[in-house]
Amino acid sequence: MKRLLKVLGYGLVTIYFVADLLFASVARPLSAWLGRLGLLQPLYAWIARLRPYPALALFSVPVVILEPIKPVGAFLVAAGHVAEGVLTIAAGEILKITLVERLFHLTRDRLMQIPAFAFLYRQWMRFHEWVTASEIWCWCRDRIAQVKSLFRRAAASTATGRRLGIAVASNGHGNGGHQG
């Protein structure tokens, strides 16, 4: 029974991290894009100047506001609105990760001045490294990389096919080889 619970626990943690990895693969580029927006630079400068505890309060806002989105999405799924529920969870999670990542980037030095935050962050990083070094994590990461590669090749071949189709049509050979 203990072994079963351990395997179930590892499975749940892995599912959580894989989902987080998928959401982060969208959120990180979005966060980087937000970081480059000149319009937000004054706001970023103000956030970066916050003292440690106000920075922690601001860092907590997206989590406090957006974490309740998951149960709302789960309720929608349970009520039979699967697409809406999944979309609600995905959008909420991507937005939360994007904002938390951006805020962490801006306030990391300040947050690390808070002993409890620094301790918990180090523990989180150790746990994260342990999970990402696990065999199941590496297997999942490799499968995701294979799927991404498949999609890239399919998109590239589709784009190449479209370009060839346009080139053939513009040469007058797009009508099955018959010149009309």
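Given (1) surrounded by 11 or more Cβ atoms within 10 Å (Cβ to Cβ); (2) farther than 17 Å from residue 101 by Cα, where does residue 1 come up short, assuming only one miss?
The one condition residue 1 does not meet is (1).
Which numbered condition trips up residue 60, out of (1) at pLDDT below 90; (2) within 20 Å of the chain's Cα centre (by Cα)?
The failed condition is (1).
Can you confirm whether region 29-43 contains a residue that is of a type outside the set (Gly, Ala, Ser), touching a residue at least 24 places away in the same chain (Cβ under 8 Å) and more than 26 Å from residue 132 (Cα to Cα)? Lay out the reasoning, then the answer.
Initial filter on region 29-43 (of a type outside the set (Gly, Ala, Ser)): 29-30, 33-34, 36-37, 39-43.
Keeping just the survivors that are touching a residue at least 24 places away in the same chain (Cβ under 8 Å) gives 30, 34.
Retained after the next criterion (residues that are more than 26 Å from residue 132 (Cα to Cα)): 34.
Checked region 29-43: at least one residue is of a type outside the set (Gly, Ala, Ser), touching a residue at least 24 places away in the same chain (Cβ under 8 Å) and more than 26 Å from residue 132 (Cα to Cα).
Being in contact with a helix residue (DSSP H, G or I) (Cβ under 6 Å, 6 or more places away or on another chain) and either in contact (Cβ under 8 Å) with a residue 12 or more places away in the chain or within 23 Å of residue 103 (Cβ to Cβ) (or both) is the filter here; which residues of region 78-90 pass it?
85, 88, 89
For the list (1) hydrophobic (A, V, I, L, M, F, W, C); (2) within 18 Å of the chain's Cα centre (by Cα); (3) at pLDDT below 90, I need the number of the one condition that residue 104 fails.
Among (1) hydrophobic (A, V, I, L, M, F, W, C); (2) within 18 Å of the chain's Cα centre (by Cα); (3) at pLDDT below 90, residue 104 violates only (3).
One residue is enough: does region 111-119 have a residue meeting the conditions modelled with pLDDT of 80 or more, of a type outside the set (D, E, K, R) and under 20 Å from the mean Cα position of the chain (by Cα)?
no
So in region 125-141, with the set limited to residues that are over 18 Å from the mean Cα position of the chain (by Cα) and in a helix (DSSP H, G or I), which one is surrounded by the most Cβ atoms within 10 Å (Cβ to Cβ)?
136
The values are calculated or read from the model by the stated rules, or taken from the named source; none is laboratory data. Small disclaimer: the values here were computed from a predicted structure and weren't measured. Positions of Cβ are generated from backbone atoms using ideal geometry, with glycine treated the same way; all protein chains shown enter the neighbour counts.
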